[in-house]
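Beneath this line is the structure, given in structure tokens, with notes to follow.
The values are calculated or read from the model by the stated rules, or taken from the named source; none is laboratory data. Bear in mind the structure is a predicted one, so any value in this text is a computation, not a measurement. Here the Cβ is made from the backbone with ideal geometry for all residues, glycine too, and neighbour counts use every protein chain on show.
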Amino acid sequence: MTKFTLVQLTDTHLSGSRPFFQFNFEMVIEAMADIAPDHIVITGDLALNGPDDIADVAFAARQFDRLGAPWSAVPGNHDLGLVPFQGGLHQPITPERLAAYVDVMGSDRFVHEIGDWRLIGINSQLLGSGLPAEAEQHDWLAATLATDRPTALFLHYPVYLDDPADPARSHAVVLPDARAALLALIDAHPNVRLVASGHLHEDRRAQRNGVVYQWAPATSFMTSGGGHGGTACVGFLVHQFDGTAFTTQRHSARWMIAHDIASWGNTEPHGYYEIVKRPYPQAV
Ligand SMILES: [Fe+2]
Ligand SMILES: [Fe+2]
């Protein structure tokens, strides 16, 4: 097989107890029946509130089994937390949260070969954490990138916004020191052609040293005025591979709802995080 179709879903934000975004996921399932991808990658924020309720991650995994194609996933900040620093986000990544995620999902990374390509997924939440798992993942990635195959790398956080050398610490992208180490690895392996991410709920394509850095729109919601420089929308990406070449197209399944998180709790900077923690009305 030299041609194959890979769908990239991201930021599904699924939850069995607070199913705000389940309808859009149902529309994605219908779309997969038409597209019939050879493989699906989900680039994190699988769950609504995985750091506090790992049942959300388990629920998301059961939903992915309904997609009708083999799938691979990596975690995001709403699955196992993030590197804490100023900004007030309250869910740090810890060894316990990482262990809970791996217990449910089997792994926080993947390598998969299809057609001529090697697909690699890594846990971006570790980057800059200083946890032992960060160094272990770095060594694994260095070994896994050593291939003659064209390679696509998937992770939740975009590697950078506009300037790869931007020294600002931001919750939007990989932290500067970890970013430099990751970019050095990518630069040392010229077979890397595509670096695909989620997290910002925006669609954008950039290039650096001949590598495409692709942001994917979320299936769950968008943030109008999100301000990261991409297109805020709801949808997913279809990557078509042919030999060593690939194209990427944005799709939005018919009837997907463009939930706009800018209208959720907008009197507080992190109103969304408070809303998703509250009990959801259950049928009685
Ligand atoms: Fe997200
Ligand atoms: Fe995220």
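Consider only pairs whose beta carbons are under 7 Å apart and that are at least six residues apart or on different chains; among these, list those whose first residue lies in segment 135-153 and is at positive phi and aromatic (Phe, Trp, Tyr) and whose second residue is modelled with pLDDT of 95 or more and in a strand (DSSP E or B).
none
Does Arg97 satisfy the condition of being assigned to a loop (DSSP other than H, G, I, E, B), at pLDDT 95 or above and of a type in the set (Lys, Arg)?
So Arg97 does not fit the description; no.
Cβ-Cβ under 7 Å, sequence separation 6+ or interchain: first residue in segment 156-168 and among the aromatic types (Phe, Trp, Tyr), partner more than 16 Å from ligand 1 (Cβ to nearest atom) and modelled with pLDDT of 95 or more. Which pairs?
Every condition considered, the pairs that remain are Tyr160/Asp166; Tyr160/Arg179.
In segment 200-224, which residues are basic (Lys, Arg) and farther than 12 Å from Pro158 by Cα?
Arg208 - this is the single residue of segment 200-224 that is basic (Lys, Arg) and farther than 12 Å from Pro158 by Cα.
Got a sec? Which strands (runs of 3 or more DSSP E) wholly within segment 149-247 have at least 2 residues that are modelled with pLDDT of 95 or more, away from ligand 2 (no atom under 16 Å from the Cβ) and surrounded by fewer than 15 Cβ atoms within 10 Å (Cβ to Cβ)?
Hits in segment 149-247: 202-208, 236-242.
Which residues, taken from segment 259-270, are surrounded by 12 or more Cβ atoms within 10 Å (Cβ to Cβ), out of contact with any helix residue (DSSP H, G or I) (no Cβ under 9 Å at 6 or more places or on another chain) and either modelled with pLDDT of 75 or more or of a type in the set (Gly, Ala, Ser) (or both)?
Asp260, Ala262 - these are the residues of segment 259-270 that are surrounded by 12 or more Cβ atoms within 10 Å (Cβ to Cβ), out of contact with any helix residue (DSSP H, G or I) (no Cβ under 9 Å at 6 or more places or on another chain) and either modelled with pLDDT of 75 or more or of a type in the set (Gly, Ala, Ser) (or both).
Is it the case that Met1 is farther than 21 Å from Trp140 by Cα and away from ligand 1 (no atom under 16 Å from the Cβ)?
So Met1 passes the test.
Can you tell me which of Ala36, Ala60, Ala69 is surrounded by fewer than 16 Cβ atoms within 10 Å (Cβ to Cβ) and either over 18 Å from Val159 (Cα atoms) or not hydroxyl-bearing (Ser, Thr, Tyr) (or both)?
Only one candidate qualifies: Ala36.
Select from segment 173-204 the residues that are more than 16 Å from ligand 1 (Cβ to nearest atom) and acidic (Asp, Glu) and list them in ascending order.
Asp177, Asp187
For the list (1) assigned to a helix (DSSP H, G or I); (2) within 16 Å of ligand 1 (Cβ to nearest atom), I need the number of the one condition that Val104 fails.
Against the list (1) assigned to a helix (DSSP H, G or I); (2) within 16 Å of ligand 1 (Cβ to nearest atom), Val104 comes up short only on (2).
Going by the conditions given, is Asp79 within 12 Å of ligand 1 (Cβ to nearest atom), at pLDDT 95 or above and either assigned to a helix (DSSP H, G or I) or farther than 26 Å from Val174 by Cα (or both)?
yes
In this structure, is Ala178 farther than 28 Å from Gln63 by Cα, in contact (Cβ under 8 Å) with a residue 24 or more places away in the chain and out of contact with any helix residue (DSSP H, G or I) (no Cβ under 7 Å at 6 or more places or on another chain)?
yes
In the set Phe25, Phe85, Phe20, which member is within 14 Å of ligand 1 (Cβ to nearest atom), hydrophobic (A, V, I, L, M, F, W, C) and part of a loop (DSSP other than H, G, I, E, B)?
After applying the criteria, what remains is Phe20.
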